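Each remark here refers to the structure printed beneath this line.
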Amino acid sequence: PPAAIAPIDRTIKIETRGGDVIQWKGATRDLRLEFQRQATFQDDQTKLYEVKVIPDNRGGRNYTITGKEAQIGKDESSFHISGDVRMETSDGLVAHANEATYADSEKMVRAPGPVRFSRGRMQGTGNGFVYDEQRDVLTILDQADVHFAAEGGEGPMDVTAGTFIYARRDRFMRFERTMHMDRAGQLIDADTGHVRLYP
């Protein structure tokens, strides 16, 4: 006989186990949602559990946000994701936070509180980040501490600043609000610092 179906919580009116939802804009896939469980409560609020949000083709790139739980906003155009949040872009940028929000109207991911990030030989920490998917810019809002590992003829480098801006597509990094740089024993202190990146 089929297995018995366990009753759902009385505060939930609809529960879905395992889902894969795709949103389209015209003939183009715009957003994909994967989750292990979805619950719609009596007040019509919807939550996803063990969720993966995949915005597609943002300036030729894709990225993925995963987390333990997500609250869905009106018309499924915004998400608040919490619990072991991880964002990874298709070109190797990875950022971790305790919670994050994504709004389709502004095309940005925002995360308050402690964050850590990495890409290639760069890794760092800070307090709060904003990822602008249209410009491909990651901004660490406060207490940025960035480490660059040695590579080839380039030695290691450590930089701290109030704010760190990493614009991969426009090929620059910017350190603002008091920069301190230690490059293999060479020390530089400045109000701001601008680093141009090779193509």
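Of the residues SER118, SER78, SER105, SER90, which is among the hydroxyl-bearing types (Ser, Thr, Tyr) and out of contact with any strand residue (DSSP E or B) (no Cβ under 7 Å at 6 or more places or on another chain)?
The match here is SER105.
Where residues in the stretch 173-199 are open to solvent by less than 40 Å² (accessible area, probe 1.4 Å) and of a type in the set (Gly, Ala, Ser), which of them is nearest to ASP132 (Cα to Cα)?
Per the criteria, the residue is GLY193.
Identify, please: which residue in the stretch 61-98 is assigned to a loop (DSSP other than H, G, I, E, B) and either acidic (Asp, Glu) or open to solvent by 30 Å² or more (accessible area, probe 1.4 Å) (or both) and is, among those, nearest to PHE117 (Cα to Cα)?
Looking at the filtered set, the residue picked out is GLY92.
Name the residue, out of GLN143, GLN123, that is assigned to a strand (DSSP E or B), at positive phi, in contact with a strand residue (DSSP E or B) (Cβ under 8 Å, 6 or more places away or on another chain) and surrounded by 14 or more Cβ atoms within 10 Å (Cβ to Cβ).
Of the residues listed, the single one that is assigned to a strand (DSSP E or B), at positive phi, in contact with a strand residue (DSSP E or B) (Cβ under 8 Å, 6 or more places away or on another chain) and surrounded by 14 or more Cβ atoms within 10 Å (Cβ to Cβ) is GLN143.
Do you know which of the residues in the stretch 146-156 that are open to solvent by 70 Å² or more (accessible area, probe 1.4 Å) and in a strand (DSSP E or B) is nearest to GLN123 (Cα to Cα)?
Checking each candidate, the answer is GLU151.
Please determine, by comparing only the residues of the stretch 5-19 that are of a type in the set (A, V, I, L, M) and open to solvent by less than 100 Å² (accessible area, probe 1.4 Å), which one is farthest from GLU69 (Cα to Cα).
ALA6
In a strand (DSSP E or B), open to solvent by 50 Å² or more (accessible area, probe 1.4 Å) and either touching a Phe, Trp or Tyr at 6+ places or on another chain (Cβ under 7 Å) or modelled with pLDDT under 85 (or both), is that true of ILE22?
Criteria met by ILE22.
Consider only pairs whose beta carbons are under 6 Å apart and that are at least six residues apart or on different chains; among these, list those whose first residue lies in the stretch 96-121 and is basic (Lys, Arg) and whose second residue is open to solvent by 80 Å² or more (accessible area, probe 1.4 Å) and part of a strand (DSSP E or B).
ARG121/GLU151
Yes/no matrix, rows are residues, columns are (1) surrounded by 13 or more Cβ atoms within 10 Å (Cβ to Cβ); (2) on the phi > 0 side of the Ramachandran plot:
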residue: ALA103; (1), (2): yes, no
residue: ALA111; (1), (2): yes, no
residue: VAL130; (1), (2): yes, no
residue: GLN134; (1), (2): no, no
residue: ASP158; (1), (2): yes, no
residue: ARG171; (1), (2): no, yes
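I need every pair where a residue in the stretch 1-26 that is under 16 Å from PHE41 (Cβ atoms) has its Cβ under 7 Å from the Cβ of a residue that is of a type in the set (A, V, I, L, M) and open to solvent by less than 90 Å² (accessible area, probe 1.4 Å), sequence separation at least 6 or different chains.
The qualifying pairs are ILE12/ALA39; GLU15/ILE8; GLU15/ALA39.
Determine if the stretch 5-21 includes at least one residue that is more than 21 Å from VAL94 (Cα to Cα) and either touching a helix residue (DSSP H, G or I) at 6+ places or on another chain (Cβ under 6 Å) or aromatic (Phe, Trp, Tyr) (or both).
For the stretch 5-21, residues more than 21 Å from VAL94 (Cα to Cα) and either touching a helix residue (DSSP H, G or I) at 6+ places or on another chain (Cβ under 6 Å) or aromatic (Phe, Trp, Tyr) (or both): absent.
The values are calculated or read from the model by the stated rules, or taken from the named source; none is laboratory data. If you're wondering where the values come from, they're calculated on a predicted model, not measured in any experiment. When we count neighbours, we look across all protein chains shown, and the Cβ atoms used for this are built from the backbone with ideal geometry, even at glycine. Only protein heavy atoms, including side chains, enter the accessible area calculation; ligands, DNA and RNA are left aside. Shrake-Rupley method; radii C 1.70, N 1.55, O 1.52, S 1.80 Å.
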